[in-house]
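Accompanying notes for the structure given below.
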Amino acid sequence: MDFKNTLEKMLAAARIAAGAHWNVVSDYLEKEYEEKKKEDETIALEVAASTKTPTQAKIELQSVKDSLEDVRLALTVEAKAAAQEAINAALEVLRSAVNSAAKVAIL
Amino acid sequence: MRTRNSVWIARRVFSLLALLPLLFASCSVLFVSPYDEVTDRAATDLVTKTEIFLVRYAATTDETGQIVRRGKPYDAEAASFYSEARGAAAAMLLRSEQKDKNAEEIQIVRNLSTRYDQLEASHRLGPITKTSAAGLHRTLRALVQVQLTKKHIGTSKEATSASASNS
(Lines give C-alpha, C1' and ligand atoms only; values in the text may rest on other atoms or scores of the structure.)
Protein backbone atom coordinates (compact mmCIF):
# COMPACT_ATOMS: atom_id res chain seq x y z
CA MET A 1 0.00 0.00 0.00
CA ASP A 2 1.36 3.41 -1.05
CA PHE A 3 0.68 5.52 2.04
CA LYS A 4 1.65 8.87 0.48
CA ASN A 5 -0.59 8.28 -2.54
CA THR A 6 -3.45 7.10 -0.30
CA LEU A 7 -3.13 10.18 1.91
CA GLU A 8 -3.20 12.47 -1.15
CA LYS A 9 -6.31 10.69 -2.45
CA MET A 10 -7.94 10.98 0.98
CA LEU A 11 -7.28 14.73 1.09
CA ALA A 12 -8.54 15.18 -2.47
CA ALA A 13 -11.76 13.27 -1.67
CA ALA A 14 -12.27 15.36 1.48
CA ARG A 15 -11.67 18.60 -0.46
CA ILE A 16 -14.25 17.69 -3.13
CA ALA A 17 -16.83 16.68 -0.51
CA ALA A 18 -16.39 19.90 1.50
CA GLY A 19 -16.17 22.12 -1.61
CA ALA A 20 -19.72 21.38 -2.72
CA HIS A 21 -21.00 22.62 0.64
CA TRP A 22 -18.92 25.79 0.54
CA ASN A 23 -20.70 26.93 -2.68
CA VAL A 24 -24.07 26.41 -0.99
CA VAL A 25 -22.97 28.34 2.12
CA SER A 26 -21.64 31.40 0.26
CA ASP A 27 -24.68 31.66 -2.11
CA TYR A 28 -27.21 31.20 0.67
CA LEU A 29 -25.57 33.65 3.08
CA GLU A 30 -25.08 36.35 0.43
CA LYS A 31 -28.69 36.04 -0.76
CA GLU A 32 -30.14 36.23 2.75
CA TYR A 33 -28.17 39.35 3.72
CA GLU A 34 -29.14 41.12 0.48
CA GLU A 35 -32.80 40.24 1.12
CA LYS A 36 -32.60 41.48 4.71
CA LYS A 37 -31.35 44.89 3.55
CA LYS A 38 -34.23 45.20 1.05
CA GLU A 39 -36.78 44.11 3.65
CA ASP A 40 -35.63 46.77 6.16
CA GLU A 41 -35.91 49.44 3.46
CA THR A 42 -39.36 48.29 2.31
CA ILE A 43 -40.73 48.24 5.87
CA ALA A 44 -39.44 51.81 6.39
CA LEU A 45 -41.11 52.91 3.14
CA GLU A 46 -44.39 51.27 4.14
CA VAL A 47 -44.40 53.14 7.46
CA ALA A 48 -43.64 56.41 5.66
CA ALA A 49 -46.58 55.73 3.31
CA SER A 50 -48.83 54.93 6.33
CA THR A 51 -49.40 51.43 4.95
CA LYS A 52 -48.46 50.08 8.37
CA THR A 53 -48.03 51.55 11.83
CA PRO A 54 -44.66 52.11 13.53
CA THR A 55 -45.64 49.46 16.11
CA GLN A 56 -46.24 46.94 13.33
CA ALA A 57 -42.91 47.89 11.77
CA LYS A 58 -41.15 47.39 15.11
CA ILE A 59 -42.57 43.85 15.42
CA GLU A 60 -41.72 43.03 11.79
CA LEU A 61 -38.16 44.40 12.00
CA GLN A 62 -37.63 42.33 15.15
CA SER A 63 -38.90 39.26 13.28
CA VAL A 64 -36.49 39.95 10.39
CA LYS A 65 -33.59 40.40 12.84
CA ASP A 66 -34.48 37.23 14.80
CA SER A 67 -34.76 35.18 11.61
CA LEU A 68 -31.05 35.74 10.88
CA GLU A 69 -30.39 33.39 13.80
CA ASP A 70 -32.14 30.67 11.77
CA VAL A 71 -29.81 31.35 8.83
CA ARG A 72 -26.89 30.85 11.23
CA LEU A 73 -28.40 27.57 12.45
CA ALA A 74 -28.95 26.32 8.88
CA LEU A 75 -25.35 27.22 8.03
CA THR A 76 -24.13 25.34 11.11
CA VAL A 77 -25.88 22.23 9.77
CA GLU A 78 -24.23 22.83 6.38
CA ALA A 79 -20.78 23.15 8.02
CA LYS A 80 -21.31 19.99 10.05
CA ALA A 81 -22.49 18.17 6.91
CA ALA A 82 -19.36 19.34 5.06
CA ALA A 83 -17.11 18.03 7.84
CA GLN A 84 -19.05 14.75 7.98
CA GLU A 85 -18.82 14.21 4.23
CA ALA A 86 -15.14 15.18 4.06
CA ILE A 87 -14.15 12.76 6.83
CA ASN A 88 -16.30 9.95 5.47
CA ALA A 89 -14.99 10.46 1.92
CA ALA A 90 -11.42 10.23 3.22
CA LEU A 91 -12.26 7.09 5.21
CA GLU A 92 -13.86 5.55 2.12
CA VAL A 93 -10.59 6.06 0.20
CA LEU A 94 -8.65 4.48 3.05
CA ARG A 95 -11.05 1.54 3.14
CA SER A 96 -10.67 0.96 -0.62
CA ALA A 97 -6.87 1.23 -0.34
CA VAL A 98 -6.76 -1.34 2.47
CA ASN A 99 -9.02 -3.69 0.48
CA SER A 100 -6.85 -3.31 -2.62
CA ALA A 101 -3.65 -3.93 -0.64
CA ALA A 102 -5.16 -7.02 0.99
CA LYS A 103 -6.46 -8.22 -2.45
CA VAL A 104 -9.70 -9.15 -0.69
CA ALA A 105 -12.60 -7.05 0.51
CA ILE A 106 -11.75 -7.31 4.20
CA LEU A 107 -13.30 -3.91 5.05
CA MET B 1 7.88 -20.60 29.27
CA ARG B 2 9.12 -19.11 26.00
CA THR B 3 6.59 -21.16 24.01
CA ARG B 4 3.75 -19.98 26.25
CA ASN B 5 4.79 -16.35 25.66
CA SER B 6 4.87 -16.86 21.88
CA VAL B 7 1.41 -18.38 21.92
CA TRP B 8 0.12 -15.47 24.02
CA ILE B 9 1.64 -12.90 21.61
CA ALA B 10 0.30 -14.76 18.57
CA ARG B 11 -3.19 -14.79 20.12
CA ARG B 12 -3.06 -11.04 20.79
CA VAL B 13 -1.88 -10.29 17.23
CA PHE B 14 -4.58 -12.53 15.79
CA SER B 15 -7.28 -10.86 17.93
CA LEU B 16 -6.14 -7.40 16.82
CA LEU B 17 -6.16 -8.45 13.15
CA ALA B 18 -9.62 -9.93 13.56
CA LEU B 19 -10.85 -6.68 15.13
CA LEU B 20 -9.36 -4.46 12.41
CA PRO B 21 -12.25 -4.85 9.90
CA LEU B 22 -14.74 -4.06 12.67
CA LEU B 23 -12.75 -0.97 13.60
CA PHE B 24 -12.74 0.33 10.03
CA ALA B 25 -16.33 -0.65 9.37
CA SER B 26 -17.45 1.51 12.26
CA CYS B 27 -15.20 4.34 11.12
CA SER B 28 -17.70 6.68 9.61
CA VAL B 29 -18.72 9.80 11.43
CA LEU B 30 -22.17 11.30 11.95
CA PHE B 31 -22.49 14.98 12.89
CA VAL B 32 -25.95 15.60 11.40
CA SER B 33 -29.07 13.48 11.98
CA PRO B 34 -30.18 11.57 8.87
CA TYR B 35 -32.74 12.93 6.39
CA ASP B 36 -36.35 12.44 7.45
CA GLU B 37 -38.90 12.45 4.64
CA VAL B 38 -41.83 13.06 7.03
CA THR B 39 -40.28 16.27 8.41
CA ASP B 40 -39.39 17.42 4.90
CA ARG B 41 -42.98 16.85 3.71
CA ALA B 42 -44.40 18.59 6.79
CA ALA B 43 -42.17 21.62 6.17
CA THR B 44 -43.19 21.76 2.49
CA ASP B 45 -46.89 21.50 3.40
CA LEU B 46 -46.54 24.32 5.93
CA VAL B 47 -44.79 26.51 3.33
CA THR B 48 -47.66 25.88 0.88
CA LYS B 49 -50.37 26.66 3.45
CA THR B 50 -48.54 29.84 4.51
CA GLU B 51 -48.19 31.05 0.92
CA ILE B 52 -51.88 30.43 0.20
CA PHE B 53 -52.77 32.40 3.34
CA LEU B 54 -50.45 35.29 2.42
CA VAL B 55 -51.83 35.53 -1.13
CA ARG B 56 -55.28 36.07 0.41
CA TYR B 57 -54.41 38.23 3.42
CA ALA B 58 -51.27 40.23 2.58
CA ALA B 59 -51.59 43.51 0.72
CA THR B 60 -49.28 44.25 -2.22
CA THR B 61 -47.34 47.50 -2.22
CA ASP B 62 -45.46 49.39 -4.93
CA GLU B 63 -41.85 50.65 -4.73
CA THR B 64 -42.96 53.70 -2.69
CA GLY B 65 -44.68 51.54 -0.07
CA GLN B 66 -48.23 52.46 -1.18
CA ILE B 67 -50.87 49.72 -1.30
CA VAL B 68 -51.70 48.59 -4.85
CA ARG B 69 -53.79 45.59 -3.87
CA ARG B 70 -55.64 45.38 -0.58
CA GLY B 71 -55.26 42.37 1.70
CA LYS B 72 -57.69 41.12 4.32
CA PRO B 73 -57.82 42.32 7.93
CA TYR B 74 -57.33 39.98 10.88
CA ASP B 75 -60.42 37.82 11.34
CA ALA B 76 -61.51 34.45 12.75
CA GLU B 77 -60.22 32.62 9.68
CA ALA B 78 -56.80 34.27 10.05
CA ALA B 79 -56.74 33.39 13.77
CA SER B 80 -57.50 29.80 12.83
CA PHE B 81 -54.64 29.77 10.30
CA TYR B 82 -52.12 31.03 12.89
CA SER B 83 -53.26 28.37 15.39
CA GLU B 84 -53.02 25.59 12.80
CA ALA B 85 -49.58 26.75 11.67
CA ARG B 86 -48.32 26.72 15.27
CA GLY B 87 -49.87 23.27 15.68
CA ALA B 88 -48.03 22.01 12.58
CA ALA B 89 -44.77 23.46 13.95
CA ALA B 90 -45.39 21.75 17.31
CA ALA B 91 -45.96 18.41 15.56
CA MET B 92 -42.72 18.87 13.61
CA LEU B 93 -40.90 19.73 16.84
CA LEU B 94 -42.13 16.57 18.51
CA ARG B 95 -40.63 14.49 15.69
CA SER B 96 -37.39 16.50 15.44
CA GLU B 97 -36.76 16.15 19.17
CA GLN B 98 -36.73 12.37 18.84
CA LYS B 99 -33.55 12.47 16.75
CA ASP B 100 -29.94 12.78 17.92
CA LYS B 101 -27.57 15.37 16.40
CA ASN B 102 -30.51 17.55 15.50
CA ALA B 103 -30.11 20.59 17.81
CA GLU B 104 -30.16 23.19 15.00
CA GLU B 105 -33.32 21.87 13.35
CA ILE B 106 -35.05 21.73 16.75
CA GLN B 107 -34.18 25.38 17.42
CA ILE B 108 -35.34 26.48 13.94
CA VAL B 109 -38.70 24.75 14.44
CA ARG B 110 -39.06 26.41 17.87
CA ASN B 111 -38.28 29.79 16.30
CA LEU B 112 -40.79 29.08 13.53
CA SER B 113 -43.59 29.15 16.06
CA THR B 114 -42.36 32.56 17.29
CA ARG B 115 -42.37 33.88 13.69
CA TYR B 116 -46.08 33.01 13.39
CA ASP B 117 -46.66 34.80 16.74
CA GLN B 118 -44.87 37.89 15.40
CA LEU B 119 -46.83 37.90 12.13
CA GLU B 120 -50.08 37.48 14.03
CA ALA B 121 -49.17 40.32 16.41
CA SER B 122 -48.57 42.65 13.47
CA HIS B 123 -51.75 41.46 11.74
CA ARG B 124 -53.84 42.21 14.83
CA LEU B 125 -52.62 45.83 14.68
CA GLY B 126 -53.40 46.45 11.02
CA PRO B 127 -53.09 45.19 7.46
CA ILE B 128 -50.10 43.02 6.65
CA THR B 129 -47.99 43.21 3.50
CA LYS B 130 -45.62 40.76 1.85
CA THR B 131 -42.71 42.16 3.92
CA SER B 132 -44.65 41.52 7.14
CA ALA B 133 -43.85 37.84 6.58
CA ALA B 134 -40.17 38.43 5.68
CA GLY B 135 -38.87 36.99 8.95
CA LEU B 136 -41.24 34.03 8.71
CA HIS B 137 -40.12 33.40 5.13
CA ARG B 138 -36.45 33.42 6.19
CA THR B 139 -37.09 30.90 8.98
CA LEU B 140 -39.06 28.66 6.60
CA ARG B 141 -36.21 28.89 4.06
CA ALA B 142 -33.73 27.92 6.82
CA LEU B 143 -35.85 24.88 7.68
CA VAL B 144 -36.09 23.86 4.01
CA GLN B 145 -32.31 24.45 3.62
CA VAL B 146 -31.63 22.02 6.49
CA GLN B 147 -33.84 19.39 4.81
CA LEU B 148 -31.99 19.88 1.50
CA THR B 149 -28.61 19.53 3.24
CA LYS B 150 -29.70 16.31 4.93
CA LYS B 151 -31.12 14.96 1.66
CA HIS B 152 -27.86 15.83 -0.13
CA ILE B 153 -25.79 13.93 2.47
CA GLY B 154 -28.07 10.90 2.09
CA THR B 155 -27.90 11.02 -1.71
CA SER B 156 -24.14 11.50 -1.92
CA LYS B 157 -23.62 8.70 0.64
CA GLU B 158 -25.64 6.33 -1.56
CA ALA B 159 -23.67 7.46 -4.64
CA THR B 160 -20.34 6.90 -2.85
CA SER B 161 -21.38 3.44 -1.68
CA ALA B 162 -22.57 2.54 -5.19
CA SER B 163 -19.35 3.75 -6.86
CA ALA B 164 -17.22 2.01 -4.22
CA SER B 165 -19.05 -1.29 -4.74
CA ASN B 166 -18.72 -0.95 -8.53
CA SER B 167 -14.94 -0.31 -8.41
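The values are calculated or read from the model by the stated rules, or taken from the named source; none is laboratory data. What you are looking at is a predicted structure, and each value in this text was computed from that prediction instead of being measured. Note that we place each Cβ from the backbone using ideal geometry, even for glycine, and neighbour counts take in every protein chain shown.
Taking B:Leu119, is it facing chain A (nearest Cβ under 9 Å), in contact (Cβ under 8 Å) with a residue 12 or more places away in the chain, within 18 Å of A:Lys65 (Cα to Cα) and in contact with a Lys or Arg (Cβ under 9 Å, 6 or more places away or on another chain)?
Against the criterion (facing chain A (nearest Cβ under 9 Å), in contact (Cβ under 8 Å) with a residue 12 or more places away in the chain, within 18 Å of A:Lys65 (Cα to Cα) and in contact with a Lys or Arg (Cβ under 9 Å, 6 or more places away or on another chain)), B:Leu119 does not qualify.
In this structure, is B:Thr61 buried (at least 20 other Cβ atoms within 10 Å of the Cβ), touching a Lys or Arg at 6+ places or on another chain (Cβ under 7 Å) and facing another protein chain (nearest Cβ under 9 Å)?
no
Determine the pairs where a residue that is within 11 Å of chain B (Cβ to nearest Cβ), located within the stretch A:10-38, has a partner that is basic (Lys, Arg) and surrounded by 16 or more Cβ atoms within 10 Å (Cβ to Cβ) with Cβ atoms under 7 Å apart, the partner being 6 or more residues away or on another chain.
Qualifying pairs under 7 Å: A:Glu32/B:Arg138.
Can you tell me which of A:Val64, A:Val71 is under 17 Å from the mean Cα position of the chain (by Cα), part of a helix (DSSP H, G or I) and surrounded by 20 or more Cβ atoms within 10 Å (Cβ to Cβ)?
Just one listed residue meets the conditions, A:Val71.
Under 7 Å between Cβ atoms, which residue pairs at least 6 apart in sequence (or on different chains) link something in the stretch B:39-62 that is in contact (Cβ under 8 Å) with a residue 12 or more places away in the chain with a partner that is surrounded by fewer than 14 Cβ atoms within 10 Å (Cβ to Cβ) and of a type outside the set (Gly, Ala, Ser)?
B:Ala59/B:Arg69; B:Ala59/B:Arg70; B:Thr60/B:Val68; B:Thr60/B:Arg69; B:Thr61/B:Val68
Within the stretch B:90-113, which residues are part of a loop (DSSP other than H, G, I, E, B) and surrounded by fewer than 17 Cβ atoms within 10 Å (Cβ to Cβ)?
B:Glu97, B:Gln98, B:Lys99, B:Asp100, B:Lys101 - these are the residues of the stretch B:90-113 that are part of a loop (DSSP other than H, G, I, E, B) and surrounded by fewer than 17 Cβ atoms within 10 Å (Cβ to Cβ).
The rows are residues; the columns are (1) of a type in the set (Asp, Glu); (2) more than 24 Å from A:Glu39 (Cα to Cα); (3) at pLDDT 95 or above.
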| residue | (1), (2), (3) |
| --- | --- |
| B:Asp75 | yes, yes, yes |
| B:Ala90 | no, yes, yes |
| B:Ile106 | no, yes, yes |
| B:Tyr116 | no, no, yes |
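Quick one: which of B:Gly135, B:Gly87 is under 25 Å from the mean Cα position of the chain (by Cα), within 27 Å of A:Asp27 (Cα to Cα) and either small (Gly, Ala, Ser) or not in a helix (DSSP H, G or I) (or both)?
Being under 25 Å from the mean Cα position of the chain (by Cα), within 27 Å of A:Asp27 (Cα to Cα) and either small (Gly, Ala, Ser) or not in a helix (DSSP H, G or I) (or both) holds for just one of B:Gly135, B:Gly87, which is B:Gly135.
Return yes or no: is B:Lys99 more than 7 Å from chain A (Cβ to nearest Cβ) and at pLDDT below 95?
So B:Lys99 does not fit the description; no.
Got at least one residue in the stretch A:77-99 being touching a Lys or Arg at 6+ places or on another chain (Cβ under 7 Å), hydrophobic (A, V, I, L, M, F, W, C) and more than 7 Å from chain B (Cβ to nearest Cβ)?
yes
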